[in-house]
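The values are calculated or read from the model by the stated rules, or taken from the named source; none is laboratory data. Just so it is clear, the structure is predicted and the values come from calculations on it, not from any experiment. A quick note on method: Cβ atoms are made from the backbone with ideal geometry, for glycine too, and the neighbour counts reach across all protein chains shown. Calculation scope for accessible area: heavy atoms of the full protein, side chains included, ligands and nucleic acids excluded. Shrake-Rupley method; radii C 1.70, N 1.55, O 1.52, S 1.80 Å.
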Amino acid sequence: MDRSGPAAPQTTIFTVMSALAQRHGAVNLGQGFPDESGPDYVIEAAAAAMREGRNQYPPLAGVPELREAIAAHQRHWYGLDPAVEDEIVVTAGATEAIAAAMLAFVRPGDEVVAMEPFYDSYKASVELAGGTIVPWRLEAPGFRPDLERLGGLVTDRTRMLLVNSPHNPTGTVLDRAELEAIARVAAERDLVVVTDEVYEHLVFEGEHLPLAALPGMWERTVSIGSAGKTFSVTGWKIGWATGPAALIDRVKGVKQYLSFASGTPFQYGIAAALASGPEYYEDYLAGYAERRGLLAAGLAELGFAVYEPQGTYFITTSAAPLGYGDGMAFCLDLPERCGVVAIPNQVFYADPSAPRPEVRFTFCKPRAVLEEGLERLRKGLRSG
């Protein structure tokens, strides 16, 4: 009898590149975690919760104070009004929300249409549920969705549309016309929609419009958010899903067997964070806009083809002008050659073995770190 079980999952590219960064003392311009911590009042709110003894299990759906803060945030920014009691669930980061949604709605044999390239947990979560991910590819240099192609990707086996805007890794921000086209397909084919909106407050061009805010879409949409990127506390792993009670109840039904609940004191910290005034978000966006300009200009000067993002804190480039058709080989060579880490975009495709020249850099680092990374690239690439 074969007792080997299923094959072990492959180590993620982020683990591989972080190890290379440590081995070579490299500047990590690949993985999306800030080098700076969150605002002092946010840290203090979590610390106060710890000191006050709020360190035990929270309710499955999350502490009431955070759910109330999420509801207020949705009302203020988007005019949405999720019910605190049954239309919000707090998760262990957006990644758990994605996994719980896939396991809740995708059955063996189902198909999930997702914008490609996509965050690597999408494909893993769909396959854990027994489904198949169907790529809806965004092509360089514009990385805009082909709306006519979407209808042809939906079949009788399609269960879900998985939409990510602002989009990681390309930085595309879907506009109203694109969202309305997606909504029409979802309504016509009676599909569940899951939206990943963790970069909602990092939009440099255009505006972030939740799909759930469009007419008729609240009833069929699970919207996923996260505090890690917005408040520079990625290690806290506090995310959430909002939507109609019937859908959120199914997400909670899965989540209770994943983490059940997590991060009680951090939840109080994020409740304080979401109450931040407009000046926080303005300063946050302005600071990242400056860093985006610095890194984009520096990479272009070095010879990369740079696709400047509308949103997120990532920049997709092409290493082809530097003579590299294989971004994976380029990125594996980079830590030792230049002392810099980047992420090959090919890992964000359904077939990660196919070489592609695109490489993702992040600008969620202090200006001095970005300048150091660019200088290292300048010296290393020149010497090669």
Next on the checklist: In Å and on Cα atoms, what radius of gyration and Dmax does the range 66-130 show?
Outcome noted: 14.4, 40
Checklist entry - Between Thr91 and residues 5 or more places away or on another chain, which pairs have amide H atoms under 5 Å apart, with H built 1.01 Å from N, and which residues are they? => result Gly239, Trp240, Ala241
Checklist entry - Which cross-chain or sequence-distant (5 or more) residues have an amide H under 5 Å from the amide H of Asp110, H modelled 1.01 Å from N in plane? => result Thr132
Next on the checklist: Looking at the range 90-247 only, what percent of DSSP beta bridges run antiparallel? Nearest 5 please.
Outcome noted: 25
Checklist entry - Under the Kirkwood approximation for Rh and a Cα-based Rg, what ratio Rg/Rh is obtained for the range 243-309? => result 1.23
Checklist entry - At each listed q (0.14 Å⁻¹), what is the log10 of I(q)/I(0) that the Debye formula gives for the range 142-295 modelled as equal alpha-carbon point scatterers? => result -0.82
Checklist outcome for this item: Reported to the nearest 10 Å², Met50 has, with a 1.4 Å probe, an accessible area equal to 80
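Under unit Cβ charges (Lys, Arg +1; Asp, Glu -1), what dipole magnitude, rounded to 20 debye, does the chain have relative to its Cα centre?
It comes to approximately 920 debye.
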Next on the checklist: Using the Kirkwood radius over C-alpha pairs as Rh, can you work out the diffusion coefficient of the range 94-142 via Stokes-Einstein at 37 °C, viscosity 0.692 mPa s, in µm² per second?
Outcome noted: 298
Item to check | Mean separation of Cα contacts under 8 Å (6+ apart) over length of the range 139-277, as relative contact order % | outcome: 18
Checklist entry - Going from most exposed to least, what order do Ser259, Ser125 have by accessible area with a 1.4 Å probe? => result Ser259, Ser125
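So, for the chain, what is the accessible surface per residue at a probe of 1.4 Å, expressed in square angstrom? List each step's numbers first, then the result.
Details: 15830 Å² over 384 residues.
About 41 Å² of surface per residue is accessible.
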Item to check | Candidate residues His76, His167: accessible-area rank, largest first, probe 1.4 Å | outcome: His76, His167
Item to check | log₁₀ of I(q)/I(0) at q = 0.13, 0.21 Å⁻¹ - the range 131-187, Debye sum with one point per alpha carbon | outcome: -0.33, -0.87
Checklist outcome for this item: Of all DSSP beta bridges having both residues in the range 256-376, the percent classed as antiparallel (nearest 5) is 100
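Please grab the % of Cα pairs in the range 1-155 that end up more than 22 Å from each other.
Of all Cα-Cα distances in the range 1-155, 66 percent exceed 22 Å.
Hey, how much of the P(r) for the range 172-226 falls beyond 14 Å, as a percent of Cα pairs? Walk me through the numbers before you get to the answer.
Working: 765 of 1485 pairs.
Cα-Cα pairs in the range 172-226 separated by more than 14 Å: 52 percent.
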Item to check | Overall Cα dimensions of the range 91-187, principal axis frame, Å, largest first | outcome: 32, 31, 21
Checklist entry - Looking at Ala45, Ser121, Ala329, which one has the Cα that reaches farthest to the positive end of the dipole of the chain (charges on Cβ: Lys, Arg +1; Asp, Glu -1)? => result Ala329
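Mind ranking His24, His73 by accessible surface for me, highest first, 1.4 Å probe? Could you put the intermediate results ahead of the total?
Working: His24 70, His73 10 Å².
So the residues, ranked largest to smallest area, are His24, His73.
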Item to check | Dipole-positive endmost among Gly130, Asn164, His73 within the chain (Cβ charges, Cα centre) | outcome: Gly130
Next on the checklist: Per residue, how big is the convex hull of the range 218-356 when only Cα atoms are used? Give it in Å³.
Outcome noted: 178
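Over the range 152-203, what is the mean sequence separation of C-alpha contacts under 8 Å (at least six apart), divided by residue count, expressed as relative contact order in percent?
On the way: 45 pairs, mean separation 27.2, N = 52.
Result for the range 152-203 is 52 percent.
Tell me, in nm to one decimal, what length is gained between Ala368 and Thr155 on full extension, where the rule is 0.36 nm per residue of separation less the Cα-Cα distance?
Details: separation 213, 0.36 × 213 = 76.68 nm, distance 4.97 nm.
71.7 nm is the gain from fully extending Ala368 to Thr155.
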Checklist entry - How large is ³J(HN,Hα), in whole Hz, for each residue of the range 114-128 in order, when computed from phi with the Karplus curve 6.51 cos²θ - 1.76 cosθ + 1.60 and θ = phi - 60°, using x for Gly and Pro? => result 9, 5, 10, x, 9, 3, 5, 5, 4, 4, 4, 5, 4, 6, 4
Checklist entry - Taking amide hydrogens as modeled 1.01 Å from N in the peptide plane, which residues meet the under 5 Å criterion relative to Met115, leaving out close sequence neighbours? => result Trp136, Leu162, Asn164
Checklist outcome for this item: log10 I(q)/I(0) for the chain, Debye formula on C-alpha points only (no solvent), q = 0.13, 0.14, 0.15 Å⁻¹, two decimals, reads -1.11, -1.28, -1.44
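Could the peptides 262-269, 88-95, 147-154, 132-139 be put in order, highest first, of the mean number of other beta-carbon atoms found within 10 Å of their residues? All intermediate terms of the calculation are to be shown ahead of the outcome.
Working: 262-269: 23.4, 88-95: 24.9, 147-154: 13.5, 132-139: 17.6.
Highest mean packing first, the order is 88-95, 262-269, 132-139, 147-154.
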Checklist entry - Hey, can you rank 216-224, 276-284 by average C-beta count inside 10 Å, highest first? => result 216-224, 276-284
Item to check | Mean separation of Cα contacts under 8 Å, 6 or more apart, over the residue count of the chain: relative contact order % | outcome: 24
Checklist entry - Using the eigenvalues of the Cα gyration tensor, what equivalent ellipsoid semi-axes result for the range 297-384 when each is taken as the square root of five times the eigenvalue, whole Å, largest first? => result 19, 16, 12
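Counting only protein heavy atoms and using a 1.4 Å probe, what share of the accessible area of the range 67-164 belongs to carbon plus sulfur, as a whole percent? Working shown, then result.
Details: 1870 of 3820 Å².
It is 49 percent, rounded to a whole number.
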